[in-house]
1. Within the group B:Gly44, B:Gly72, which residue is within 14 Å of another protein chain (Cβ to nearest Cβ), in a loop (DSSP other than H, G, I, E, B) and away from ligand 1 (no atom under 16 Å from the Cβ)?
2. A:Gly79 passes all but one of (1) surrounded by fewer than 22 Cβ atoms within 10 Å (Cβ to Cβ); (2) in the same structural domain as A:Ala162 (by TED's automatic domain parsing); (3) over 23 Å from B:Gln45 (Cβ atoms); (4) not charged (D, E, K, R); which number fails?
3. Read through the list (1) touching a helix residue (DSSP H, G or I) at 6+ places or on another chain (Cβ under 9 Å); (2) of a type outside the set (A, V, I, L, M, F, W, C); (3) away from chain A (no Cβ under 14 Å), then give the number of the only condition that B:Thr83 fails.
4. List every residue pair whose Cβ atoms sit under 9 Å apart, with the two residues 6 or more apart in sequence or on different chains, where the first one lies in the stretch A:87-106 and is in the same structural domain as A:Leu202 (by TED's automatic domain parsing) and the second, anywhere, is more than 13 Å from ligand 1 (Cβ to nearest atom) and among the aromatic types (Phe, Trp, Tyr).
5. Test of understanding: among B:Ala35, B:Ala67, B:Ala73, which residue is farther than 30 Å from B:Cys102 by Cα, among the small types (Gly, Ala, Ser) and away from ligand 3 (no atom under 16 Å from the Cβ)?
6. Considering B:Lys160, B:Lys155, which residue is open to solvent by 80 Å² or more (accessible area, probe 1.4 Å) and away from chain A (no Cβ under 14 Å)?
7. Consider the stretch B:96-148. How many of its residues are part of a loop (DSSP other than H, G, I, E, B), more than 10 Å from ligand 3 (Cβ to nearest atom), surrounded by fewer than 23 Cβ atoms within 10 Å (Cβ to Cβ) and among the aliphatic types (A, V, I, L, M)?
8. Within the stretch B:58-90, can you find the residues that are within 17 Å of B:Glu118 (Cβ to Cβ) and touching a His at 6+ places or on another chain (Cβ under 7 Å)?
Amino acid sequence: MIPFELSEPDTFAEAVSLLDPEDPTIRPIAGGTALMLMMKSNVFSPSRLVSLRGVETRYSEVDLTPEGGIRAGALARLGTLERHAGIVGAFPVLADTLRILSNVRVRNVATVGGNLAHADPHMDLPPVLLALDASVTAISPSGQRMIPIGDLFAGYYETSLAPDELIGELSVPAQNGRVSAYIKCTTRSAHDWPALGVAVSLDIAEGTIVDARVVVSAAVEKPTRMQDAEIALKGASVSEAAFRAAGEAAAVAADVISDVRGSAPYKRQLIRVNVARALAKATSSGGMGS
Amino acid sequence: MPQTRTISFTLNGRPVNAEIEAHHTVVELLQERFALFGARESCGQGLCGCCTVKVDGEAVSGCLYLASFVDGASVDTIEGMATSGGLDPIQEAFIEAGAFQCGFCTSGFILMTQRLLEEHPDPTPDKIKSYLSGNLCRCGTYPEIIKAVQLASSKRRASKAAA
Ligand SMILES: Cc1cc2nc3c(=O)[nH]c(=O)nc-3n(C[C@H](O)[C@H](O)[C@H](O)COP(=O)(O)OP(=O)(O)OC[C@H]3O[C@@H](n4cnc5c(N)ncnc54)[C@H](O)[C@@H]3O)c2cc1C
Ligand code: FES
Ligand code: FES
């Protein structure tokens, strides 16, 4: 790797102040798992990294809120979320997703904030968090603002964060009986990046779908809610036919990208099938309780 | 001039210092400053586990971990596993099960197995496969590795029962 300087501030506020909106070669580093890959391959050569690892410990903590949601500091490890007993119980879809995200060593080091700020469209947590209607708190010299997950991702490896703005924490609201599921569809090996990710969340009352969120990722530029599919589901009864109609609507509407993991028509077919499967998974016992 | 710094940490139970540069990885630190070659870089991307070390008790990939980040931490490597009393039961199990051919991947598999058995003392084959899915063995000794983990699990339980 090309040499760089490293700053290790003790407070989050100091970390924010060390970023320079005019200088893109100064970047924050958290777990470093994504940055190290970019630096080793010389895709990115920073002049200075600002380590967030020494900031106040509350930024590493994960709690269930009294309302039943999640509050996770940006420096919380993915492994901490995965093993948190309250999350395993109340958000089984998150626990399921984390188990298949990378490997134990990466999850021991990678952080919630680094995961979201990296904005690689193939990542697994962003579509799930979008389906769960999560948001982040972003902190910059001019203050603090709340960004819904859907607005955080601006494009391929792009977020709506300002250059001197950091993710401070993640909030996931209580699900109040909604059911959800995620399907990661890899086409080469189980450990490859997915060709498609599908995350869904449903509010169901007496066998009728009151509200649906259907998110497609990896096959598209950024995690995206499929409104046509959501409209197709709203008011429908929980049925194979409704799930298939939603899959069809999503396959038609998605702005699919061809790459080494499959052509656009192939991925469209994956969407058609896997949106229906994810909805079936959410409504089987696997999605319950979240 | 690259910025150098002195870090202090505990290495296999011993307090040590090292002078490093900010861009050095843990693998470089161990090999160049301490002549420890058990953790070695192979894929360099977090995928294969040949560079596995434990930092404050948790397994990490030394190839993706900045040396600066172990300042103040406790680092354990394969070299610290055997005691004057002999090999660790996990090491014995890998030998008895013949769970390697060239041995390049073995130190990583053994450290991961140690963490696996601390978390899940009696793991199912599925648990073993998912926990070790981030470790690759090019010689393809996977069936023997799974046997070695099961053997290590029963050795550990037997020695606990005897203690
Ligand atoms: C071997 C391997 C396999 C992987 N497999 C998967 C997988 O299957 N699924 C998956 O989803 N992901 C996978 N990943 C990606 C992994 O999830 C990310 O590398 C990780 O989440 C990044 O977190 P980090 O803390 O290490 O980020 P860092 O590398 O520290 O940072 C990543 C980016 O975020 C910025 N950043 C960090 N923290 C903040 C903050 N608080 N605010 C603003 N910006 C910030 C950094 O400047 C950088 O641009 C894999 C990675 C590896 C190495
Ligand atoms: S060399 Fe570090 S995981 Fe392969
Ligand atoms: S024994 Fe040769 S790589 Fe595993």
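The values are calculated or read from the model by the stated rules, or taken from the named source; none is laboratory data. In this text the structure is predicted, and so the values were computed from the model without any measurement. Reconstructed Cβ throughout: ideal geometry from the backbone, glycine too, with neighbour counts over all protein chains shown. Each accessible area value is taken on the protein alone, full model and side chains, heavy atoms only, with ligands, DNA and RNA left out. Shrake-Rupley method; radii C 1.70, N 1.55, O 1.52, S 1.80 Å.
1. Working: B:Gly44 fails: away from ligand 1 (no atom under 16 Å from the Cβ).
Only one candidate qualifies: B:Gly72.
2. Failed condition: (3).
3. Unmet for B:Thr83, out of (1) touching a helix residue (DSSP H, G or I) at 6+ places or on another chain (Cβ under 9 Å); (2) of a type outside the set (A, V, I, L, M, F, W, C); (3) away from chain A (no Cβ under 14 Å): (1).
4. none
5. Numbers: B:Ala35 fails: farther than 30 Å from B:Cys102 by Cα; B:Ala67 fails: farther than 30 Å from B:Cys102 by Cα.
Exactly one residue qualifies, and that residue is B:Ala73.
6. Working: B:Lys155 fails: open to solvent by 80 Å² or more (accessible area, probe 1.4 Å).
Every option except B:Lys160 fails the conditions.
7. Qualifying residue count for the region: 1.
8. none
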